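For reference, the structure is listed below as structure tokens.
The values are calculated or read from the model by the stated rules, or taken from the named source; none is laboratory data. The shown structure was predicted, so the numbers you read here are calculated from the model rather than taken from an experiment. In this analysis, Cβ positions are derived from the backbone assuming ideal geometry, glycine residues included, and neighbour counts consider all displayed protein chains.
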Amino acid sequence: MDNGQFDVVVIGSGLSGSIVAAELGSAGKKVLVIEAGPAVPDNRGEYMQNFYMNSLKAPESAYPPLTLDPANEATPRATIGGLINSQNPAKSYLIQPPPSKIPNASSLPFSSTYERVGGGTMWHWLGTSLRLVPNDLQMYTKYGVFSSDADWPIGYDTLSGLYEKAESEIGVSASVAEQAPLGPSIGLKYRPGYQYPMNPIPMTLVDEAVSKGSEGVVVDSKPVFVTPTPAGRNSQPYQSRRVCAGNTNCIPICPIQAKYDPSVTLARALNTGNVTVSWQSVATKLLTDASGKISGVQYVTWDKELNPTKGATKTAQGAMYVLAAHAIENAKLLLLSKSPQFPNGVANFSDQVGRNLMDHVLYLSWALTPEGQPVYPYRGPLATAGIESLRDGAFRSQRAAYRIEIGNEGWNFAIGDPNTTVLDFIYGKNESRTNPPVAPGQPAGKPGPALGGPALAMAINDRLTRQFRLGCLIEQAPQASNCVTLDEKYTDGLGLPRPKINYGFDAYTLAGFKSARQTCSAVYKAMGATEFTDYSGRKGSPSYFEIDGEAYAFFGAGHIIGTHRMGNNKKHSVVDANQKSHDHANLWIMGSGSFPTEATPNPSLTIAALAFATAADLKSALK
């Protein structure tokens, strides 16, 4: 048993766990943080070297563990090798149905990844720091969709005050004045006189071209217009961190820490002298006493070779307990903690633990600006602006809403450029469909000749400087059948059951896909751009599906939401508005797993905001 009694034991050192630890440590409370991943290095040079040497520049490419066999990893990634391996238990930590049992879009592979590296999922976040809007909190009341349990148990005015704390902690660069047009459009609100901590990150030439070219486009009676995206990166010196230098590898890692990550807040927590972190420690069970309170956390440790450390299971004890381990890992631990006293697992009187798993499913499209109108992508952060005006409206009674992210990385995400297009010209191929160039509205022709010298340079300069893409982050409906359970066959390197995923889209979500496709095409047409989006060649891929005979493919955004939703009714929810368990008087369960619905914004800012509410509730309970 660990020596000493702590006021609070926190499981997970990511965004929400670090905020709670820092707030409680600053209040003089003794806090133990149990973190499954390795210690964050003082110098991120090791992570940068991993990134440079990894041929696959995926979100997880910079971070340990770097082996490719999750069955033998103590702390494996959720999906190694991406979507293509999602149904292969030898290469994917998550256990999912085989392809033969995935006939349509109602049952699809869950494709998002995450790491256990001291808040690793947030290390590779883009920095997007958008607020929810009022109607996001009341989808059933306002639009009659989902169920009454989908309404959030928190008022927007309360959430707005929490957002201010979160924006200060993260260091968000934005302008209230530039966000003001979204008030009449989608109801975005700010406290009178409020200003963001820093000035906005400048928009790119890509952003300006989309902004000018999309003027006059209307979707479901909503005007389409571009606004700068509030970003968790520095536009000026802040919190002893440097100013953004325009590196385009925000995902997976900012080389100069101009972008916020949870190690910033964890350092604040450790500097209080009241916070201790147990690294490489995986929680395996929550213990309960006769009254139903949590009485301890069992955990095991692992060494640098990814082997379980020899010795008995350890137990940590505190007055209060906080789960901040990730939507999937929180659910896994709660289900692992079943006992004769709680046969369905801890905090699961409602039978909602693990249910309503969601992700922002991404519809990706790409185009070239007109000849002679270069926008010079591949410069600056990956995204600095977007179309937010379609995030709310009466249409939400019929279909999912979405936000549109404007990409600054050309067709890198879309087709693997600049490599694909460059090789097309060198070898006389046409995988990009730009060799030879395609006239607007015309199918691709035969590949042009192999080029070299000045002709090659001219072709590359023409195509690469006109590339841009749009990514639609589509809200997904909460479905009880989309769930996390424990697999009975496969275990991880510590011998723990691995998470088993059931996942798919309903008609509401699919209608959002269809609208997203139509909107992107309308924007390209208004701009005079040539669209190259084509998923017909991906038939047979796990991500492929069709709507009304049209080919689609989806991507996971890494925004893993649901599994322990908040609500006022303990029969239909797991936690309350402060993320306190309905079932256990000294347990809080934090993070995006608490969201009753997904809405359209990237979740990190709301995770941070709710963490401040939880910290305040814990302080009150500890009195």
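Small (Gly, Ala, Ser), over 24 Å from the mean Cα position of the chain (by Cα) and surrounded by fewer than 21 Cβ atoms within 10 Å (Cβ to Cβ): is that true of residue 175 in this structure? Here the answer is no, as residue 175 does not meet what is asked. Taking the stretch 121-149 as the range and being in a helix (DSSP H, G or I), touching a residue at least 40 places away in the same chain (Cβ under 8 Å) and among the aliphatic types (A, V, I, L, M) as the test, the residues that pass are 122, 139. Restricting attention to the stretch 272-293, does a residue exist that is at pLDDT 95 or above, in contact with an Asp or Glu (Cβ under 7 Å, 6 or more places away or on another chain) and of a type in the set (Val, Ile, Thr)? Within the stretch 272-293, one or more residues are at pLDDT 95 or above, in contact with an Asp or Glu (Cβ under 7 Å, 6 or more places away or on another chain) and of a type in the set (Val, Ile, Thr). Can you tell me how many residues in the stretch 221-240 are of a type outside the set (S, T, N, Q), assigned to a loop (DSSP other than H, G, I, E, B) and surrounded by 15 or more Cβ atoms within 10 Å (Cβ to Cβ)? Number satisfying all stated conditions: 5. Looking across 265, 313, 276, one residue alone is touching a helix residue (DSSP H, G or I) at 6+ places or on another chain (Cβ under 6 Å) and in contact (Cβ under 8 Å) with a residue 12 or more places away in the chain. It is 265.
Counting residues in the stretch 324-338 that are among the aliphatic types (A, V, I, L, M), in a strand (DSSP E or B) and surrounded by fewer than 22 Cβ atoms within 10 Å (Cβ to Cβ) gives zero. A count restricted to the stretch 364-378 and to residues that are closer than 17 Å to residue 433 by Cβ and buried (at least 16 other Cβ atoms within 10 Å of the Cβ) stands at 6. Listed by first and then second residue, the pairs with beta-carbon distance under 9 Å, at least 6 apart or on different chains, first residue in the stretch 27-43 and in a loop (DSSP other than H, G, I, E, B) and crowded, with 18+ Cβ neighbours inside 10 Å, second modelled with pLDDT of 85 or more and basic (Lys, Arg), are 29/619.
Looking across the stretch 171-189, the residues that are in a loop (DSSP other than H, G, I, E, B) and either under 27 Å from residue 15 (Cβ atoms) or not aliphatic (A, V, I, L, M) (or both) come down to 171, 172, 174, 175, 181, 187, 188, 189. Working only within the stretch 490-520, note down all residues that are hydrophobic (A, V, I, L, M, F, W, C) and either within 30 Å of residue 214 (Cα to Cα) or part of a strand (DSSP E or B) (or both). Answer for the stretch 490-520, where residues must be hydrophobic (A, V, I, L, M, F, W, C) and either within 30 Å of residue 214 (Cα to Cα) or part of a strand (DSSP E or B) (or both): 501, 505, 507, 510, 511, 513, 516, 520.
Scanning the stretch 449-477 for residues that are touching a residue at least 60 places away in the same chain (Cβ under 8 Å) and out of contact with any helix residue (DSSP H, G or I) (no Cβ under 6 Å at 6 or more places or on another chain) returns 462, 464, 465, 466, 467, 471, 473, 475.
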